[in-house]
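Below is one structure; the comments refer to it alone.
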Amino acid sequence: MKTKALYDNSRLKNILEKSKQNLIIVGALAALVLIFYFLNPNFLNEYNIISMAQSLAPYAILGLGVTFAIATGGIDLSIGTVCIASSVVAGKLYTDGLIPLWAAIPVMIAIGGVFGLINGLLIAKLKLPAFIATLGTMMVSRGLSAIIVNAPNVFYPTGTWFNRLFSNNNGFPSGLLWVLGFTLLCMYLMYKNKTGRYILSIGSNEEATRLSGINTEKYKIAAYVITGVAAGIAAVFWSSSFVTVASATGNGMELDAIAGVYIGGTSAAGGVASVGGSVIGAAMLVVIRSGLNFVLAKYNVSVNSTYVTYVLTGVIVVFSVLIDILKNKKKK
Amino acid sequence: MKKVILKMTDINKSFSGVKALKGAALELRAGEVHALMGENGAGKSTLMKILTGIYEKDSGQVEVFGEQVEFADVKESQNAGIAIIHQELNMMKDLTVAQNIFIGREYIKYGIFIDDRRMEKEAQKLLDYVGVKIPPSARLGNLTVGKQQMVEIAKAISFNSRLLILDEPTAALTSVEVDELFRIMNELKAKGIGMIYISHRMDEIKRISDRVTVMRDGEYIGTVNTSETDDAEIVKMMVGRVIYGEKKEKSNCPENAPVVLEVQNLNAGDSVKNVSFSLKKGEILGFSGLMGAGRTEVARLIFGADKKESGVIKINGKEVSIDTPEKAVSYGISYISEDRKRYGLLLDKTVTDNSVLASIPEFVKSGFINDRLAEKKACEVNSKLRTKTPSMSQILRNLSGGNQQKVVVARWLIENSDIFIFDEPTRGIDIGAKSEMYELMDELVKKGKSIIMISSELAEIQRCSDRVVVMCEGRITAQLPVEKATQENIMKYAMMRGGEGVA
């Protein structure tokens, strides 16, 4: 039948189109790595590769989570502070001997989930703009965790199963395997499960989705719960790579993770999400941060690399979204 | 004979090899309302964009006020005295009427202060000239759409425009507002301003225009004097064939067919008052009435899109509680809104995505959505509906209005709905697609589905309905068998204010 051939053909074209987009981001990442390598070959020493791989996990998982909130057409600014709050509250309970180390994991995930649920309810049920609702929970989570913990730092152990499992196993960055696993899980949730399908539909046209008989409130809440749970999971990886975690650390973590998502090709307007892109976007930020350190050190530039990182990341976010806009314009 | 102020001859325009205009032509005289008609895609917009300098023509002549012109941009056409009133208004809702009229050329006092007082005074003069009573200091957003449109006309006049283009100006107006608009158009006519009037509504064309020019497939078909032509002839010019179906003589639905939907004493604020009716299996129940009569509101209440205050809904004789669209869908009800873009479509998603949206759980196999299966189903249903699309993965934005409408219908066919509520099913789709939509509804009821069809076009109501419900001001004022649903009868009940309701 003629029509059948038609759709087989177009499916293939679609898949090619999508992988082309991902290839461009992977290519950009590879280019960045090469540039840093040429500027300072030390950048690709074994130790630094492992270090970068290790620090990827929390950012990548935050990015994977917030992709769901962004896909609805919303945003979640609270992910960074919720991640740190989960880490310090669970850490405090552990340091005070109230819970064993293993129990810190479900505590962190639960704290993330609760904040996600609060965000979801505020946005879906009470119709608050996502930016304002999550700006609120961002500030609340930061302040509240500091008050509850009432100590400048909490301590996590080193060299235990906890660190080997989530951070570094005798030189192997075990976080990478987890990131791979969570990426596959999120791809399933976003593309092959109806939760993701409805989340994307909401991002495309919320009212049309509701009038198609879909409980849009429920799925919007689900998106923020996924985002919150991911923040809790990110806290596990964060805690396993640092001995001390302070309430004040992780400033601007959410912005790094969100920037990675936009770089990865997820539309800020919602409806279009690239799960794989979010991870590659996070990897790009990790590479930039580390690479700039090496380059600045080699050429004896006495500028704090953090600030240069901000500048470069900012430029890349604006350009990657700009390119996307220009590309879409040409299509029309 | 009045002076000719616009003469466009033999206009050609291609877009990347595709001919959009082939020898198009249009002539407008001073003080004339000239209707420009044609199906969607006939080239009306392209022709107007060439006139206003948005597009550059490939060849042909444009003569405005006796001079050969070649506008490079909108500004130049504006300076030459041409203004266009768009279908969607382009004004700032939070600014006042005067601020909107003078935006971009504000009067300044002492070099730095905006002189609102002077702008309001000047705006008042313009509004008086146009003949509308709107305070120039009113916030635009507080005005009705109709009044806003009149402000836009006043704004156009303030540019000394002698040639106005009105692109479907009545699409969002109530009938009272349409009367007001036509009164103003007549005043402008008397002042010698020429107007090009683009609309699909035959009754309005008959009322307001002096001549009609018809386009088809980018070509000039002909120009006729409105008073010397009838609807059928214009339609024939537009489509190249006669298509409007005849009025239905009698109901196709058997007398004893079972009732599938029963609504009793439905209430919601001022917009729906004590509405009761029933729908039979295999019946097309037409809902007629003027704009704002409460028909869409009734549909949205039945579908659970809005909350009702009181009332009982029975499906197949059993009382049901429907407070969300989710529940309505689970009872086999579907609602196809007149505003497809807002309430129906995921414009940036594919034909498949849009077609299967309401029935995704059906395509989940062992935890995974089977997209192949979904696409197959979407393909099957859309080919039956004769949806014209290059592929199932075409983005919906790129389809024409009629085909977009079919995709929404496909969604509910795949979901296997029993009761279809069509709200203005043919709004904004061209005449060829219209008759296809009618045939589609006929096929649906033949298969035992039931349809509620809301329509503002009397001809459409008469062509499709087995029975007609007429509403006015939130109440049902009549339920007429199709034999008694004459235009006069329907209009009588549609304007029966005060609600001497007939059950």
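Provide, for region A:52-331, the number of lysine pairs with alpha carbons under 22 Å apart, each pair being eight or more places apart or on different chains.
Counting lysine pairs in region A:52-331 gives 9.
Quick one: A:LEU93, A:LEU98, A:LEU211, A:LEU185, fewest Cβ neighbours within 10 Å first, how do they rank?
Details: A:LEU93 18, A:LEU98 10, A:LEU211 28, A:LEU185 13.
Starting with the residue having the fewest Cβ neighbours, the order is A:LEU98, A:LEU185, A:LEU93, A:LEU211.
Please give every one of the lysines within straight-line cross-link reach of B:LYS22, meaning a C-alpha to C-alpha distance under 17 Å, and leave out same-chain neighbours fewer than 8 residues apart.
B:LYS7, B:LYS13, B:LYS44, B:LYS49, B:LYS57
Between B:ARG207 and B:GLU309, what FRET efficiency comes out of the Förster formula 1/(1 + (r/R0)^6) with R0 = 35 Å and r the beta carbon distance, rounded to 0.05?
For B:GLU309 and B:ARG207, the calculated efficiency is 0.35.
Taking 7 Å along the Cα-to-C-beta vector as the label spot, tell me the A:ALA246-B:PHE65 distance in nanometres, rounded to one decimal.
Going by the 7 Å Cα→Cβ label model, 7.3 nm.
Student exercise: in region B:108-214, how many lysine pairs 8 or more apart or on different chains have Cα atoms under 17 Å apart?
13
Exposure proxy check: A:TYR47, A:TYR59, B:TYR107 ranked by fewest other beta carbons within 10 Å?
Final ranking by Cβ density, sparse to dense: A:TYR47, B:TYR107, A:TYR59.
Please compute the length gained on full extension between B:VAL364 and B:ALA190, using 0.36 nm multiplied by the number of residues separating them and subtracting their Cα-Cα distance.
On the way: separation 174, 0.36 × 174 = 62.64 nm, distance 6.55 nm.
Once the chain is fully extended between B:VAL364 and B:ALA190, it gains 56.1 nm.
If you count, for every residue in B:339-350, the Cβ atoms of partner chains within 10 Å of its Cβ, what is the mean?
Mean partner-chain Cβ count within 10 Å for B:339-350: 5.
To the nearest 10 degrees, how steeply does helix B:145-158 sit against the main Cα axis of chain B, on a 0 to 90 scale?
Value to nearest ten degrees: 20.
Over what distance in Å are the Cα centres of region B:467-486 and region B:323-382 separated?
When both Cα centres are located, 33 Å separates them.
Taking the beta-carbon count within 10 Å as an exposure proxy, list B:GLU319, B:GLU152, B:GLU63 from fewest neighbours to most.
Neighbour counts put them in this order, fewest first: B:GLU319, B:GLU63, B:GLU152.
Divide by every residue of chain A the summed helix terms, -39500 (n - 2.57) for each DSSP H run of at least 4, and state the resulting mean residue ellipticity at 222 nm, rounded to the nearest 500 deg cm²/dmol.
-25000 deg cm²/dmol
Mind listing the phi-derived Karplus ³J(HN,Hα) values for region A:26-37, rounded to whole Hz, using 6.51, -1.76 and 1.60 with θ = phi - 60°, and x for any glycine or proline?
For region A:26-37, the Karplus curve yields 4, x, 4, 4, 4, 4, 4, 4, 5, 4, 4, 5 Hz.
Per DSSP H run of n ≥ 4, the term is -39500 (n - 2.57); total these for chain B, divide by its residue number, and report the mean residue ellipticity at 222 nm rounded to 500 deg cm²/dmol.
Working: 17 runs with 163 residues, N = 503.
My calculation for chain B gives -9500 deg cm²/dmol from helical runs alone.
According to a simple spin-label model (label point 7 Å from Cα along Cα-to-Cβ), what is the distance in nm between B:ASN265 and B:ARG118?
Label at B:ARG118, label at B:ASN265, 6.4 nm between them.
Work out the length of the dipole vector of region B:344-416 about its Cα centre, built from +1 on the beta-carbon of each Lys and Arg and -1 on the beta-carbon of each Asp and Glu, and round it to the nearest 20 debye.
Dipole of region B:344-416, to the nearest 20 debye: 240 debye.
Subtract the Cα-Cα distance of A:ALA31 and A:ALA151 from 0.36 nm times their separation in residues, and report this length gain in nm to one decimal.
This chain segment gains 38.9 nm when fully extended.
For region A:252-332, calculate the relative contact order in percent as a whole number, restricting contacts to Cα pairs under 8 Å that are 6 or more residues apart.
Contact order relative to length: 29 percent.
For a protection proxy built on the mean count of beta-carbon atoms within 10 angstrom, sort B:399-410, B:50-61 highest first, please.
Descending packing order for the listed peptides: B:399-410, B:50-61.
Using only the C-alpha atoms of region B:287-436, find the volume of their convex hull and express it per residue in Å³. Provide the component values of the computation, followed by the final result.
Values: hull volume 20.1 nm³, N = 150.
Taking only Cα atoms, region B:287-436 has a hull volume of 134 Å³ per residue.
Between A:ILE50 and A:TYR191, what is the FRET efficiency for a Förster distance of 25 Å, r being their Cβ-Cβ separation, to the nearest 0.05?
According to the calculation, E is roughly 0.20.
B:GLN487 to B:LYS133: FRET efficiency via 1/(1 + (r/R0)^6), r the Cβ-Cβ distance, R0 45 Å, to the nearest 0.05?
0.90
In sequence order, what are the phi-derived ³J(HN,Hα) couplings for region A:103-115 according to the Karplus relation 6.51 cos²θ - 1.76 cosθ + 1.60 with θ = phi - 60°, rounded to whole Hz, with x for glycine and proline?
My calculation for region A:103-115 gives 5, 4, 5, x, 4, 4, 5, 5, 4, x, x, 5, 4 Hz in order.
Around A:GLY252, what is the net charge, scoring Lys/Arg as +1 and Asp/Glu as -1 over all other residues with Cβ under 14 Å from its Cβ?
Values: positive: A:ARG142, A:ARG289; negative: A:GLU254, A:ASP256.
So the surrounding residues net to 0.
Rounded to a whole number, what is D in µm²/s for the protein assembly as shown from Stokes-Einstein with the Kirkwood radius over alpha-carbon pairs (10 °C, 1.306 mPa s)?
Working: Rh = 30.7 Å.
Translational D for this selection: 52 µm²/s.
Run through the DSSP bridge list for the protein assembly as shown and note the antiparallel percent, rounded to the nearest 5.
Values: 51 of 87 bridges.
DSSP beta bridges in the protein assembly as shown are roughly 60 percent antiparallel.
5 Å is the cut-off here: which amide hydrogens, built 1.01 Å from N in the peptide plane, fall below it relative to B:THR96, excluding neighbours closer than 5 in sequence?
Under 5 Å from the amide H of B:THR96: B:LEU140.
Amide H of B:ILE85: which non-local residues (sequence gap of 5 or more, or other chain) have their own amide H closer than 5 Å, using H built in the peptide plane?
B:ILE165, B:LEU166, B:ASP167
What percent do you get for the relative contact order of region B:344-416 when only Cα pairs under 8 Å and 6+ apart count?
About 48 percent, as a whole number.
Any chance you could check the Cα centroid distance between region B:55-116 and region B:194-216 for me, in angstrom?
24 Å
Beyond 30 Å, what share of the Cα-Cα pairs of region A:52-331 is found? Please give it as a whole percent.
Cα-Cα pairs in region A:52-331 separated by more than 30 Å: 29 percent.
Could you pull out every one of the lysines with an alpha carbon less than 23 Å from that of B:LYS318, ignoring same-chain neighbours closer than 8 positions?
Partners within reach: B:LYS273, B:LYS280, B:LYS281, B:LYS307, B:LYS308, B:LYS327, B:LYS447, B:LYS449.
Residue-wise, which Karplus ³J(HN,Hα) couplings in Hz belong to region B:212-225, taking 6.51 cos²θ - 1.76 cosθ + 1.60, θ = phi - 60°, and x for glycine or proline?
With the stated coefficients, region B:212-225 comes to 10, 10, 10, 10, 8, 6, x, 10, 7, 9, x, 10, 10, 6 Hz.
Name the long-range amide H neighbours of B:MET291: under 5 Å, sequence gap of 5 or more, or other chain; modelled H, no Pro or chain starts.
Counting only residues 5 or more places away or on other chains, the set is B:SER175.
What do you get when you divide the Cα radius of gyration of region B:106-146 by 2.2 N^0.38 Å, with N the number of residues?
Compared with the compact-globule rule of thumb, region B:106-146 sits at 1.33.
For region B:441-464 and region A:132-177, what is the centre-to-centre distance using only Cα atoms, to the nearest Å?
Cα centroid of region B:441-464 versus Cα centroid of region A:132-177: 62 Å apart.
Under 19 Å Cα-Cα from A:LYS18, which aspartates and glutamates qualify once same-chain neighbours fewer than 8 residues away are excluded?
A:ASP8, A:ASP324, B:ASP348, B:ASP353, B:ASP371, B:GLU375
Values quoted throughout were computed directly from the atomic coordinates according to the rules given, and no laboratory measurement underlies them. For clarity, every value in this text was computed on a predicted model and none was experimentally measured. In this analysis, Cβ positions are derived from the backbone assuming ideal geometry, glycine residues included, and neighbour counts consider all displayed protein chains.
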